[in-house]
1. Let me check against my output: what whole-number percent is the relative contact order of the chain, with C-alpha pairs under 8 Å and at least 6 apart?
2. How far, in nm, would the chain grow between residue 495 and residue 516 when pulled straight, counting 0.36 nm per residue and subtracting the alpha carbon separation?
3. Which ³J(HN,Hα) values in Hz, rounded to whole numbers, follow from the phi angles of the range 341-355 under the Karplus curve 6.51 cos²θ - 1.76 cosθ + 1.60, where θ = phi - 60° and Gly and Pro get x?
4. Starting from 0 in steps of 5 Å, tell me what percent of the Cα-Cα pairs of the range 232-378 lands in each bin.
5. For the chain, what Kirkwood radius comes out of the mean inverse Cα-Cα distance, in Å?
6. For the range 132-188, what is the Kirkwood estimate of the hydrodynamic radius, computed as the reciprocal of the mean inverse distance between distinct Cα atoms, to one decimal in Å?
7. Between the range 200-254 and the range 407-423, what is the separation of their alpha carbon centroids in Å?
8. Taking only the alpha carbons of the range 166-305, what extent do you get along each of the three principal axes, in Å, biggest first?
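What follows draws every value from the coordinates through simple rules; no lab data is involved. Computed from a predicted model, the values in this text were never measured in an experiment. All Cβ positions, even for glycine, are placed from backbone atoms using ideal geometry, and neighbour counts span all protein chains on display.
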Amino acid sequence: MVFKSSHADLAIPEVDIWTLLFERHEKEWKDDKADTTNNMTELFIDGETGSAYNFTQLKNTALNFGKGLKSQWSWKKGDVLGIFSPNSIDYAPVAFGTLWAGGVCSTANPTYTVKELAFQMKDSKVKGIATQLAMLPTALEAAQQIGIPEDRIILIGHDRDPSGKHQHFTQLKSTSLLNLSYQTRVDPKKDLAFLVYSSGTTGLPKGVMLSHTNIVANVLQFSSAEKRSGLHCMGGQDGKGDKQLAVLPFYHVYGLTCILHATVWDGYQAIALPKFELEKACKLIQDYQVTFAYVPPPIILGFAKHPIVDRYDLSSLKWLNSGAAPLTKELVDAVWERLTIPTKQGYGLSETAPVTHMQSVLEWAKFKGSVGPLMANMEAKVVDLDGKELSVGEDGEIWVRGPNVFQGYLNRPELAKDTFSECGFFKTGDIGHSDSKGNFYITDRLKELIKYKGFQVAPAELEGILLGHSEIADACVIPAFDRERSEEVPRVYLVMKEGVPRTDEKAKELIDWVASKVAPHKQLRGGIRFIDEVPKNPSGKILRRVLKEQAKKEDRA
Ligand code: 4UV
């Protein structure tokens, strides 16, 4: 059967992101919300320095940057800017200014090594990179490797380049009166807005092509779903609006849509932190009277269990939303028992811009463990391995269809036939089922992907690195489970070349060797197991499931 959203379809306007957020919305704020002071209220606040952007400042800073790109970098429609930065309030004007100028943003994990960054920047053919001073050496080395001129590396954030060589993004201004000071028109349905990287169901990370319409649709679908959770924009109830903790990284699709875009559209306030530190987060919640937060499960674990939490007054929080990785019912209960805060869940993927399912806070206690119902304008199927449709209560692969589903993987058109069904459903690679009320439950993963703290780890990428080691004959990376920390971690099963010792010392040496080559979330935290042979089918395909089952047994023992 085809599951359809129980919510009425929304009219998705055929507009680009800039027009939705900064033109339509500005008008609506003024006309409908009757409170013209809204534009003066801060939207993005830097949790460390207190500096901020209100709507008007954000719009003007973005416009100046967009004009600077056109004027100084001869920016054309479809040109790509790499953004290599932790959360900073400057992320917003840089991303939106790029879109105004008809550009595309390729957002990268700020902990990437030179090689990882160079791969993404080259793959998405960036024309320049916006980064922060702390990451400048990595950005410069990556840029040099792929032939991007040094003056195309610009800075965002509070620190300036002491050498003066690299402009701050606010210095990139229009130099000519005749400069094209109009927004570059795009076709919202076809033209891309963001390239986020995901390994999908198999292989190396790939550019997920998100069009303007994909993001516009998801912002509207998500906003309409969240209104059911009782949020108020600024100028809402008693003139007070809701405030969120912005710790989800903006480079990742969950933070990109649910914080960076939704903050502007819905008019909430976002208090941004460059990285998650529980004590800082608790202090900000207390000081700013934060009312909600989108986070991954490890942060929920911190709220549930860490002693630091007792030192702060978190009573302003109305709810938490968990997503990006599985959440146990026990953790939901533990947060409630300790803080009397409901934890609800959302689900989605980079490829769906991202939200497909969202639980309402009104239902958190009734359907614990569920990721909620399909959002408006969405359909889903649950299918068995042969693609046969299953019904209520039956576990199978979840397929989804809707206006937020991406345009395909960059430079990889050949993947389309395995990614989409014949009737246009996107195959998520996740296993789950729906109950009779339309609530979905994610129970397992069919695809290779590993999620460490909600961050993607592609087994193929780690296997590629390991196979480059002179002592390793074969490798298979699978998700193991760290019971103590209640999280998924990458583990490798290794076949060593003849004569190489299979000792704990060798394992440690190899773990350190991998750690020196990858971003911190990809380290082999699940350890190394030495085996004689990687199980494969007759055509040589790795039978990952066999080792996954072996790891499950071992981790349960
Ligand atoms: O591509 P990605 O890295 O994307 C994400 C998206 C997270 C979201 C999206 C919308 C929300 O409302 C929200 O709360 C979180 O992480 O990885 C996609 C894969 O992450 C797993 C699943 O395997 C996806 O294919 N995943 C995402 N959310 C959940 C999840 C969840 N709630 N429970 C279990 N697994």
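1. Details: 1193 pairs, mean separation 71.8, N = 557.
Answer for the chain is 13 percent.
2. Numbers: separation 21, 0.36 × 21 = 7.56 nm, distance 2.10 nm.
My answer for the length gained is 5.5 nm.
3. 10, x, 10, 10, 10, x, 9, x, 9, 3, 5, 10, 6, x, 6
4. Histogram of Cα-Cα distances, whole percents per bin: 2, 10, 19, 24, 22, 16, 6, 1, 0.
5. On the way: mean 1/r = 0.0411 Å⁻¹.
One decimal place: 24.3 Å for the Kirkwood radius.
6. On the way: mean 1/r = 0.0746 Å⁻¹.
The answer is 13.4 Å.
7. 25 Å
8. 54, 45, 38
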